[in-house]
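Encoded as structure tokens, the structure appears first; notes follow it.
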């Protein structure tokens, strides 16, 4: 066999080997892609699960369901049965469609419904609609707190109690009775809707708010980041109202 034929045979062998390698690589890529899109069943929330709700209660009420998820979208700690988290409680709210993962469940729940800042405590006060800025105060809002009092022997006054306070929550609405005495001594009683407002405060300020709410009327002023506010403003009484 002359040299040309040897080269032709060698080229043909190399070409065949190259084609084989390309085929094997493509086949492997297809297999890897197939593995990525292959579906596996994991537990998902089909109804919202509240913080503090037990895994067993959620399962019993039909809030958990096995559903197909692409393998490459399965989250770490995803559950595939109703036994792995039995006895635990949700440490935060789990919304419909979320995968049930072990990191969202624990043995106890502390302050899951209220994000209380470190070093502070939560207290609630009952305010009428005008006192809470006609309902525009929402969780996360910042407010100033004013105190108005007409208890004798102190003269009637209005004064800022705290310049900037964080609102943690807005609770249910109830009805309170308000009685006012006119200049002629006649008393007028009316029923007013009132809503529980939950605040984050250090202990000393919490005591001030609790005392003030028991001995006067509180009102909120809704703030923005650019609102200029301070406690330097004078106490307003009938004597300096128009000064």
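The numbers here are math on the coordinates, done by the rules we state, and not lab data. Quick caveat: nothing in here was measured; it's all calculated off a predicted structure. Methodologically, a virtual Cβ is constructed for each residue, glycine included, from the backbone with ideal geometry; neighbour enumeration extends over all protein chains shown.
FRET efficiency for the residue 116 to residue 60 pair, using the beta carbon distance and R₀ = 30 Å, is estimated at 0.45.
The stretch between residue 203 and residue 17, if pulled fully straight at 0.36 nm per residue, gains 59.0 nm over its current Cα-Cα span. The Kirkwood radius of the range 39-106, taken over pairs of alpha-carbon atoms, gives through the Stokes-Einstein law at 20 °C and 1.002 mPa s a diffusion coefficient of 185 µm² s⁻¹.
Peptide packing: for 84-90, 57-63, the average count of neighbouring Cβ atoms within 10 Å per residue gives the ranking 84-90, 57-63, highest mean first.
Counting other Cβ atoms within 10 Å as a rough exposure proxy, the listed residues 116, 6 run 6, 116 from fewest neighbours to most. Put a dot 7 Å past the Cα of residue 129, heading toward its Cβ, do the same for residue 98, and the two dots end up 3.5 nm apart.
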